[in-house]
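The values are calculated or read from the model by the stated rules, or taken from the named source; none is laboratory data. Predicted model only: the values in this text are computed from it and were never measured. Reconstructed Cβ throughout: ideal geometry from the backbone, glycine too, with neighbour counts over all protein chains shown. The area values use the complete protein model at the heavy-atom level, side chains included, leaving out ligands, DNA and RNA. Shrake-Rupley method; radii C 1.70, N 1.55, O 1.52, S 1.80 Å.
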Amino acid sequence: MTRRAVGELYDTAFNAAVLDRRLASIWSTPPGLWGALSTVDHKIIGRRYITTAFVFLALGGLLSLLMRLQLAQPEARFIGPDRYNQIFTMHGTNMMFLFAVPVMQAMAIYLVPLMVGTRNIAFPRLNAFSYWIYLAGGLLLWVAFVLDTGPDIGWFAYVPLSGPQYAAGKRADIWAQMITFTEVSALAVAVEIVVTVFKQRAPGMSLDRIPLFVWSMLVTSFLVILAMPAIMVASTALILDRLVGTHFFNPAEGGDVLLWQHLFWFFGHPEVYIVFLPAVGMVSTIVATFTRRPVFGYLGMVMALIATAVLSFGLWVHHMFVAGLPRLGESFFTASSMAIAVPAGVQIFCWLATMWAGRPIFKTPFLFVIGFVVIFVIGGLTGVMVASVPFDTQVHDTYFVVAHFHYVLVGGAVFPLLGAIYYWFPKLTGRMMSEPLGRWVFGLIFAGFNLTFFPMHILGLRGMPRRIYTYQPEMPWSGLNIFISLSAIILAIGFLLFFIDAIRSAKSGPVASGNPWGATTLEWATSSPPPPYNFARLPVVGSLKPLTDHPGALPVASGLRVDRRELLVSSVVQALPEAREPSSEDSIWPLWAALATTATLIWSIFTPWAVVWGSIPIAVALIGWFWPKGVPEDES
Amino acid sequence: MVVLGLALLRRRRPAAEDANSEERLTTAVSAAVAATVVIIAGLTIASFYTTRSIGVPKSAALTITVRGQQWWWQVFYAGSGATSGFQTANEIHIPVRTDVQIRLEGADVIHSFWVPSLAGKQDLIPGRSSSLLLRAEKPGVYRGQCAEFCGLQHSHMAILVIAEAPADYERWAASQREDAMVPADMDAAAGQVAFLAKPCAACHTVRGTAANGTSGPDLTHISARQTIGAGLLETTRGSLAAWIADPQTLKPGNNMPMVPLTSVELQNISAYMESLK
Amino acid sequence: MTNSWLRYTGFIVPPLAWALSTQLGQITPYIDCRQTIPWTAAVCGILLVASIAGVAASWATSTGLVKSKRFVVDTGFLIALAFVFALSLQEAATMLLDSCQR
Amino acid sequence: MSNGISGTPPESYFALGKPYEADAYNLSQGKRLYAWFGCGICHGDGRGGIGPSFLDGWWLYGPEMVSIVASIRDGRPHGMPAFRDRMTIEQIWQLAGYVQTIGSYTPKVVAPSRNDEKQSRPAENRGPAIILFDVGPAAVHPDQGPSP
């Protein structure tokens, strides 16, 4: 280590109690509004992110209930076509962009630094910025919807329907700009996670000792970084077409309508895996904990994660099988879509093997994992079916597909997520969620989900297209539709119970110990909830399950300064310590930067000049953000 | 893949085996993965064979052009040599046991042509053309619907495919080629006058009269079609009158404006429409 | 030196070959349909051979490594197998389907 | 609300702050009416033809909404037909708002959206037209007589 200057304080000089006090004074967020607005603590931001995402989940759920109300009977007139189109567009957009992706990243913001044994996420201020931007994007969309200018073009906003001629008003612009908000925040978080995982792992945590959840988030972050630019290009081109008068998607002037679909789905298919892969990590973690043994086939799991991620970039045309492309080219995508079932199979088999060999404990998180396996396997089966061109030309854009992707997304992501919330809730809040209520929640959601979505397969096969606001009485669809609408109530009650349980437990649940489940990964090595500095001394890792190897106290590294926020940077493959690195102190500037960006982006819906004039406040905010403050963290 | 389900059910057996079963697990998982690979490969090949068998042949006996409009289907039957072509809407007649090629064009936004009982779906994309093969083995009425979300009235965009014996088809086609009937009674004659004087004629064509608008469906033989408003209502005089009086309540957002008419004009125009067999 | 480079061919070559094949598969059918040379099948076949060679190379050279490095190579090898599988399915498609079919 | 012509605009016109000129929805409706009622047959895409151009900056009866409404409603000499029996008064106001937008020389805050078709002139949302489309004052079609 480098020469120690006079006046610097190191953790080697203190005993545990003094060290905790010292670290707390340097890392904790000051109380009050100002502290809340300027914090860069990954745990506070992560909790905020998770809460916000769940609020959007609840709102999206309400929208789906409205849709079910309208579809419960033929030619119903509860909701007109205009509002209905807004509602299903909002439901899809909200669930994909404001719930599914952010909530997975939010879990990572909270958990990844703890799981790799570091004190804060990389680029903490960018992290704060990304939350504010995400919140602003969500508010933009919802405020627009409340004002009856919500987008009405479907969540994939096909041109020309979303283009200047057929989508009058500002609705499509708001949709496209909301994409910009969420993409900026998602990209920022992805970069933070990649850097955190690659450079901030605890000493000794080489690539083959990373917990599987961290692996899954690392792979997901790469997916985000590679896939999101496609949608940013697409939405920017759309906005330019609409507001500036370019002709990217105008066939009369040499533009191409299919270009949008290619760009959108080049993002849109990896998007599914952006949502699914973190869930794979959550399932692996929960399975390992509740079967009392590490997940079988670590190598196979990592391989499956990476293979799935790469393959997901070669599936996008299977959303376009009916667009009139050559069948031979489409069949290449059939081949890839089929091939991705192999890594998915590897994962399923590895979990089953783990459960087979372990001694399962049937607590609520594990129940959700079982539900996940059942539902995801059904979703996977229908996935193999729709990957086939001849079959897809019949069921494309019908309720069969609606059923399929709800099975994959709700089964493949929401179930593991709910399990993960039950699992990590003690870590997040310091309190346990209710076990009996948890079983009710699982039962209701599992039953409600299957009763709601399984009949949709049949509806699709009977020819009911998706996105219709009503249907005629002579169609053979009304019986199943009323059944689905009633089942949706069961599902909604299940979610309501979950929210009640979560809010009640956060206030008055039984207090949790540091490691209530007997888990083996590093986040359980600290108290629940963790102190602002996560670990008083950074742990040293020698295997995949450090907490089992050292049931008492973990071996720790020392030598970090306690008079500034400091963490350890380690090498990529072996995780050998390389340097001590300062971590940013709290700052209000990310909020100002986010506000300036928000103002610019919303203003630009109304005039392109906003981009010019809006860059001034953004520049001011960024200068303030990066200006050296003369605090210890600014030392190199 | 069904093996997965079985494995899942068996999973709940209390497994109290020792750590030395690791190798057997490896074998089992590898075998399962290998089985998945084989099954997936088999399914894929089967899918390719099916794809091959549903291709469009080089020549079809009859070619019909369908243009998707917001929110109705414009249909062109091409003429050949001596016979002239004609236009209709929301209803296709085809002879049975004949390959019919449907050429698909998008006029405004993307629609998707889908008659579930006859063939898979195919998108109608502005700036591109695609085609689809229809073949009906049995006479009958096959309902189809737009499958790609196309705006406000995506829900009400149905098309009927009527398959009939070749002789019946020829008779139908011959009658469609005729110009519109000259109104026989007083009401219909007055209706024709009103139709031509009011803006109706700006959007609709009635062959044989001065009405030659192109933005709405061709009405030359409207009464011979089973439905109006793209499968919205059965074609009766009452439904025609209801539609003309207030199209925006029946199909909110559609492109037909409400035209102010007196009750007598409305009555006459619907009588005229009904006479256009 | 060469060994350490060859080790990672399993990781790199098959995914790249697969990506290339997927992309070219969108372009060559149009050419195939106009000419008689089956470009799609040829390109896909060459890429398949290349990816198998990549897998073989990484297999042959992956002995005697530190555990954590070994882990990276093994993962790459397994991933490569998935892509070889995808590529061979694509090759099957070129054998079975007519490039003019829409 | 005396404005010099009979057939006053709907009450909402003033209550809502002249929505027919300053509301994107009404302008879009006007644009649809422009196509549906065949205005383009004589006036083209705004460049004129059989009838006068809107883009050249010359208004035979002035650029005010009331006179455009009057022209549409009652017709004008030399071939402009009256539309009073074919449209509601509200539709006439919507159409007039759109016609005024075509010929607008100062940019408006709102505009209908452009069409996905071959661009023969600056789209309405690219105003003011004069920047890109400066044909100068065009001679009046002989049949239209002198400017009033």
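When chains A and D come together, the accessible area they lose, probed at 1.4 Å and totalled over both chains, is close to 1100 Å². Computed from protein heavy atoms with a 1.4 Å probe, the total accessible area buried between B and A is close to 5500 Å².
Relative to the Cα centre, the charge distribution of the protein assembly as shown, modelled as +1 at Lys and Arg Cβ and -1 at Asp and Glu Cβ, gives a dipole magnitude of about 2860 debye.
A 1.4 Å probe run over the protein assembly as shown, with the rest of the protein chains in place, finds 38 Å² accessible per residue. Looking at the protein assembly as shown, the DSSP beta bridges with both ends there are about 75 percent antiparallel. Phi angles of the range B:75-88 translate, via the Karplus equation with coefficients 6.51, -1.76, 1.60 and θ = phi - 60°, into HN-Hα couplings of 10, 10, 9, 6, x, 9, x, 6, 7, 8, x, 8, 10, 9 Hz per residue; Gly and Pro are given as x. For A:LEU622, the solvent-accessible surface computed with a 1.4 Å probe is close to 70 Å², ligands and nucleic acids excluded.
By the Cβ distance rule of under 4.7 Å, chain C has these cysteines without a partner: C:CYS44. In this assembly, the C-A interface accounts for approximately 2800 Å² of buried accessible surface in total, computed with a 1.4 Å probe and without ligands, DNA or RNA.
A loss of 30 Å² or more of accessible area (1.4 Å probe, protein heavy atoms, ligands and nucleic acids excluded) relative to the isolated chain is seen in these residues of the range B:122-143: B:GLN122, B:ASP123, B:ILE125, B:PRO126, B:ARG128, B:ARG143. Averaged over the residues of A:343-352, the number of partner chain Cβ atoms lying within 10 Å of the residue Cβ comes to 6. I'd like the distance between the alpha-carbon centres of the range A:268-327 and the range A:125-202, rounded to an integer number of Å. Distance between centres, Cα-based: 23 Å.
The 3J(HN,Hα) values that the Karplus relation (6.51, -1.76, 1.60; θ = phi - 60°) gives for the range B:230-241 are, in residue order, 6, x, 7, 9, 5, 7, 10, 5, x, 5, 4, 5 Hz. Gly and Pro appear as x. Remark: mean inter-chain Cβ contacts per residue of A:298-304 equal 5, using a 10 Å Cβ-Cβ cutoff to other protein chain atoms. Taking every DSSP bridge with both residues inside the range B:62-177, close to 70 percent are antiparallel. Please label the shape of the range B:186-275 as rounded, prolate or oblate, based on the square roots a ≥ b ≥ c of the eigenvalues of the alpha-carbon gyration tensor (a/c under 1.5 means rounded; beyond that, a/b larger than b/c means prolate, else oblate). Because its axes are fairly even, with a/c under 1.5, the range B:186-275 counts as rounded.
For the range B:70-123, a/c is not less than 1.5, where a ≥ b ≥ c are the root eigenvalues of the C-alpha gyration tensor, and a/b does not top b/c. That puts it in the oblate class. For the range B:186-275, with all protein chains in place and a probe radius of 1.4 Å, 61% of the accessible heavy-atom surface sits on carbon or sulfur.
Given A:LYS43/A:LYS363; A:LYS545/C:LYS67; A:LYS427/A:LYS507; A:LYS507/A:LYS545; B:LYS198/D:LYS118; A:LYS43/C:LYS69, which pairs have Cα atoms separated by over 21 Å? Correct reply: A:LYS43/A:LYS363; A:LYS507/A:LYS545; B:LYS198/D:LYS118; A:LYS43/C:LYS69.
Per-residue mean of foreign Cβ neighbours for B:248-261 is 3 (Cβ atoms of other chains, 10 Å radius). Projecting the Cα atoms of A:ALA58, A:SER25, A:GLN347 onto the charge dipole of chain A, computed from C-beta unit charges around the Cα centre, puts A:SER25 farthest toward the positive end. Comparing each chain alone with all protein chains together (probe 1.4 Å, DNA, RNA and ligands left out), the residues of the range A:151-171 losing at least 20 Å² of accessible area are A:TYR158, A:PRO160, A:LEU161, A:PRO164, A:GLN165, A:TYR166, A:ALA168. For B:GLN69, the residues whose modelled amide H falls within less than 5 Å of its own, excluding neighbours fewer than 5 places apart on the same chain, are B:GLN74. Given Cα pairs under 8 Å that are at least 6 residues apart, what percent is the relative contact order of the range B:186-275? After rounding, I find 38 percent.
The string of couplings for the range B:197-211 from the Karplus curve (6.51, -1.76, 1.60, θ = phi - 60°) is 7, 7, x, 3, 5, 5, 10, 10, 9, 10, 4, x, 10, 6, 6 Hz, one whole number per residue in order, with x for Gly and Pro.
Considering helices alone, the calculated mean residue ellipticity of chain A at 222 nm is -20500 deg cm²/dmol, with DSSP H runs of length four and up weighted by -39500 (n - 2.57) and normalised per residue.
For chain B, averaging the sequence separation of C-alpha pairs within contact (under 8 Å, six or more residues apart) and dividing by the residue count gives a relative contact order of 15 percent. Please report, as a whole percent, how much of the solvent-accessible surface of the range B:62-177 comes from carbon and sulfur atoms (probe radius 1.4 Å). Answer for the range B:62-177 is 49 percent, counting heavy atoms of protein chains only.
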